[in-house]
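The values are calculated or read from the model by the stated rules, or taken from the named source; none is laboratory data. From a predicted model like this one, the values you see are computed outputs, not experimental measurements. FYI the Cβ positions are ideal-geometry reconstructions off the backbone, even for glycines, and counts take in every protein chain you see. The accessibility values were calculated without ligands, DNA or RNA, using every heavy atom of the protein model including side chains. Shrake-Rupley method; radii C 1.70, N 1.55, O 1.52, S 1.80 Å.
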Amino acid sequence: MAALDHVATADLRESTIKGFARKRTIALAVPAILMLYLGYIFVAFDVPGLAQRANMDNAVILLSDAVSHKIHVTQDNRRNQVSVSVEGSRRATFTPEQIPDWVVISDERVTVDLTAGHIVTYEGPVITYDLPGYGPIRVTVGETLALDLPQDGPVPDFINASDSRVAVATPEGRLTVTRSRADTFRYFFGWELFFFDLSSQYSGMSPGAVMAAVFGGERLYPELPNWQSVVRDVWYNSVWRHGDVVWAIGETALMAFLGTFGAAAIALPLAFLAAQNFAPSQTIRFAVRRVFDFVRGVDALIFTIILSRAFGPGPMTGALAILITDTGGFGKLFSEALENTDTKQVEGVQSTGANAVQRYRFGVIPQVMPVLLSQVLYFLESNTRSATIIGAIVGGGIGLMLTQAIQTTQDWEKVTYYMILIVLLVIAMDALSGWLRRKLIKGE
């Protein structure tokens, strides 16, 4: 007996040692595998090249454009014409009476004061940037651009020069010269012309002056009271297009709403055919579940591209893409919820003489309704974000306007504006779904 105990103790000790050795091996192997994986990512994603290509100056310019605006003083070098505008937009070009006082235009010379002694002058084909502490930087426009620097030596980092383009960037402003035009940019904090464009009678008025006009001032437009003309001018602002933006936000929300609830309405009856305890046959159940797998497996963006080729662009195409994809997701979730229902409640309804439809309506639906509503509301929140990207493809909603603003590469303050609106829309949909969840599920 003692010998058997000794053997058992030895076996236990050996087993314990092997267990510790196995755990130690795993403990050493996991960090090694993780380090190898991170090393693979470092090489495959070209992290050193990414760091080398990074341009923080462009990032700073982008961030500044997102919260500020710039006024362009532009000279057409071919026609010798000068214009002053906000963000270079034709819809925001100053009339001679509206031109800021830091821009002086005469017959032979244009002077732009960028503050702190930075002066840009246009004198026909000769453009000069007088930079304090460095001297006048002169560019002469001809068949090529001739750059004349006040100091010998290499070209400074704040000057980017070639035969076809010269750019001077300083904290006070920027000058860009090509053979066709010369542009001087001066930055100002804030979103200019956000409420009233230059064609409005309220343009340039302080908020206090606008409020005074609304509450008792003389009519600025004879045909409308001042409060109505204020609303009209803000709504039809030709630069920020607030009316179009509100309509686009509504289209985005509508795409998400129609796609989500349309998918739920289609998936619910099909889920009975895919549930183990309700399917009339295994063949039908297999076929329906494979359909759910297919439409769920293909991303909504793929369906968006296919449907846009078939039906053309538009917000309805985006709603259909969301509907098709979510039908698969809802079908899987709903069928799993149906498979977990309690048969006793169904049997109780059946004992009253109810038919099949009534058994489902009063014995099954009340059990799964909280789960169904919770999933539908969650998908609604998620699809609100997806509708932005889908709208950029099908040409509808706020996604289209966001894409257009990004492609112009100059209206980054509008990109910021649209992104803020998208976040607010998602927050609003989240609050709405939370309220509906409390009302419909918890009964609060």
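Annotations
- Qualifying residue in region 147-155 (condition: more than 32 Å from the chain's Cα centre (by Cα), acidic (Asp, Glu), open to solvent by 70 Å² or more (accessible area, probe 1.4 Å) and under 28 Å from Asp411 (Cα atoms)): no
- Of everything in region 380-393 that is β-branched (Val, Ile, Thr) and buried (at least 21 other Cβ atoms within 10 Å of the Cβ), the residue that is nearest to Gly318 (Cα to Cα) is Ile390.
- Scoring Pro366 on the criteria (1) open to solvent by less than 10 Å² (accessible area, probe 1.4 Å); (2) out of contact with any helix residue (DSSP H, G or I) (no Cβ under 6 Å at 6 or more places or on another chain) leaves a single failure, condition (1).
- Residues of region 222-254 that turn out to be within 24 Å of Arg90 (Cβ to Cβ) and open to solvent by 30 Å² or more (accessible area, probe 1.4 Å), as a count: 9
- Residues in region 82-140 that are small (Gly, Ala, Ser), in a strand (DSSP E or B) and within 17 Å of Val166 (Cα to Cα): Gly135 alone.
- Scanning region 276-296 for any residue that is among the aliphatic types (A, V, I, L, M) and under 30 Å from Ile398 (Cα atoms) turns up at least one such residue.
- In region 170-217, residue most open to solvent (accessible area, probe 1.4 Å) [restricted to those that are farther than 20 Å from Val126 by Cβ and charged (D, E, K, R)]: Glu192
- Only a single criterion out of (1) open to solvent by less than 40 Å² (accessible area, probe 1.4 Å); (2) more than 21 Å from Tyr378 (Cβ to Cβ); (3) of a type outside the set (Lys, Arg); (4) touching a residue at least 40 places away in the same chain (Cβ under 8 Å) is not satisfied by Gly312, namely (4).
- The number of residues in region 151-186 being within 23 Å of Ser68 (Cβ to Cβ) and either touching a Leu at 6+ places or on another chain (Cβ under 9 Å) or assigned to a strand (DSSP E or B) (or both) comes to 19.
- Check on Val103, more than 39 Å from the chain's Cα centre (by Cα), under 21 Å from Arg79 (Cα atoms), open to solvent by less than 50 Å² (accessible area, probe 1.4 Å) and among the hydrophobic types (A, V, I, L, M, F, W, C): no
- Of the residues contained in region 179-188, one or more are found to be modelled with pLDDT under 90 and under 30 Å from the mean Cα position of the chain (by Cα).
- Within region 218-253, the set of residues being part of a helix (DSSP H, G or I) and either among the charged types (D, E, K, R) or at positive phi (or both) comprises Arg232, Asp233, Asp244, Glu251.
- When region 62-78 is filtered for residues that are of a type outside the set (Val, Ile, Thr) and within 20 Å of Trp191 (Cα to Cα), the ones remaining, listed by number, are Leu62, Leu63, Ser64, Asp65, Ala66, Ser68, His69, Lys70, His72.
Each row is one residue, and each column tells you yes or no for (1) open to solvent by less than 80 Å² (accessible area, probe 1.4 Å); (2) in contact with a helix residue (DSSP H, G or I) (Cβ under 7 Å, 6 or more places away or on another chain); (3) free of Cβ contacts under 8 Å to residues at least 12 places away in the same chain; (4) over 29 Å from Phe195 (Cα atoms).
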| residue | (1), (2), (3), (4) |
| --- | --- |
| Thr341 | yes, yes, no, yes |
| Tyr378 | no, no, no, yes |
| Leu400 | yes, yes, no, no |
| Ala431 | yes, no, yes, no |
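- Every pair of residues 6+ apart whose Cβ atoms lie under 6 Å, when the first sits in region 116-140 and is more than 18 Å from Trp102 (Cα to Cα) while the second is acidic (Asp, Glu): Pro136/Asp130; Arg138/Asp148
- Of residues in region 328-358 being of a type in the set (D, E, K, R) and assigned to a helix (DSSP H, G or I), the one nearest to Gly297 (Cα to Cα): Lys332
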